[in-house]
Ligand SMILES: [Zn+2]
């Protein structure tokens, strides 16, 4: 398995399965498509359209230990020429105080960056000095987080809210109990902090069925990914035997859903820092975590990944240094002979990315995926 030896979908916030761009890019979020699956799942948007996904990193941590984002803003810049494009890309790779939600990926394509309050004046002046206009997309990040948190904290799983690690696991077990002939609960491995990582197979029993693997939330702050995958599990299971198209699909194909890959990071987003993205290993040089999406043993350390442990795109000390990526790779290598498509599902950016992360060339089976 590769960094992006996988297909990746970048969900939209308001309409998670609506892929509005399919792009060949070497942007940080990687990879190739499976348009087949896109068509399959497109209509089934979760009932969470009002939820908001918020992202990222350096911030103010109060005595309570909970990181706050008061007064932080998300700015949007649209590069108008090559020089601006290069400046933005350089800024992302060199100034770790800034949190790029959408990387510089091409001329006239929006770049979204979260800016800590104490850097707002500096960054706005910097943009002005290089002739880059900006707009304020989010005026006060903490306000949005407050709104989200107030609607998510309950003790029970609910498809109309975000759910905790424990609630998600309980729901996966409930699916497995209720639909025993259509599911298999799978323990992929355990995390750095010894949390179980669960996936579920969904499909009617059969031999040598082709399979599609959907990897979710390798970046822990991308909450809408697990919410979306869980909704699609429900949709498939409830549709079997009642809808011909779903029944036929599940008779012919197996789906493997892994709603939360980076479980330690996910718990951390609930307890301490809503915008945490990496794993929780370390510290190295005083900084915790590795970007697990840049920790695969394929083109490890290529451009797009950082060697700085304090960066949000830190690739780790070595390929597969993270037990989460190593466990997942092992599982797929041992059990995935029928997996025909592997999709890594992310949020933000609204992109469907076809090439592997280290190239802008289309994959050899690009046409077949249409
Ligand atoms: Zn991501």
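The values are calculated or read from the model by the stated rules, or taken from the named source; none is laboratory data. Note that this is a predicted model, so its numbers are computed, not measured. In this analysis, Cβ positions are derived from the backbone assuming ideal geometry, glycine residues included, and neighbour counts consider all displayed protein chains.
In region 110-119, is there at least one residue being in the same structural domain as residue 258 (by TED's automatic domain parsing), modelled with pLDDT of 95 or more, surrounded by fewer than 17 Cβ atoms within 10 Å (Cβ to Cβ) and outside any loop (DSSP other than H, G, I, E, B)?
No, region 110-119 has no match at all.
Name the residues in region 150-169 that are surrounded by fewer than 14 Cβ atoms within 10 Å (Cβ to Cβ) and closer than 18 Å to residue 217 by Cα, would you?
Those that are surrounded by fewer than 14 Cβ atoms within 10 Å (Cβ to Cβ) and closer than 18 Å to residue 217 by Cα: 159, 166.
Can you pull out every residue in region 264-273 that is in contact with a helix residue (DSSP H, G or I) (Cβ under 6 Å, 6 or more places away or on another chain) and within 15 Å of the ligand (Cβ to nearest atom)?
266
So residue 214 fits all but one of (1) free of Cβ contacts under 8 Å to residues at least 60 places away in the same chain; (2) more than 30 Å from residue 66 (Cβ to Cβ); (3) within 16 Å of the ligand (Cβ to nearest atom); what number is the exception?
(1) is the only condition that residue 214 fails.
Can you find, within region 306-325, the residue that is surrounded by the fewest Cβ atoms within 10 Å (Cβ to Cβ) among those that are part of a loop (DSSP other than H, G, I, E, B) and touching a helix residue (DSSP H, G or I) at 6+ places or on another chain (Cβ under 7 Å)?
Looking at the filtered set, the residue picked out is 320.
Are any of the residues in region 145-162 in a strand (DSSP E or B), modelled with pLDDT under 95 and either touching a helix residue (DSSP H, G or I) at 6+ places or on another chain (Cβ under 7 Å) or on the phi > 0 side of the Ramachandran plot (or both)?
No: zero hits.
Part of a helix (DSSP H, G or I), crowded, with 24+ Cβ neighbours inside 10 Å and modelled with pLDDT of 95 or more - does that describe any residue in region 273-289?
No.
Restricting to region 326-360, give me the number of residues that are more than 14 Å from the ligand (Cβ to nearest atom) and not in a strand (DSSP E or B).
19
Please specify each residue of region 120-134 satisfying the condition of being surrounded by fewer than 17 Cβ atoms within 10 Å (Cβ to Cβ) and within 21 Å of residue 86 (Cβ to Cβ).
Those that are surrounded by fewer than 17 Cβ atoms within 10 Å (Cβ to Cβ) and within 21 Å of residue 86 (Cβ to Cβ): 122, 124, 125, 126, 128, 129, 130, 131, 133.
Among the residues of region 240-263, which ones are outside any helix (DSSP H, G or I), away from the ligand (no atom under 16 Å from the Cβ) and closer than 16 Å to residue 184 by Cβ?
Scanning region 240-263 gives 240, 253, 254, 255, 256, 257.
How many of the residues making up region 248-279 are touching a residue at least 24 places away in the same chain (Cβ under 8 Å) and more than 20 Å from the chain's Cα centre (by Cα)?
Number satisfying all stated conditions: 6.
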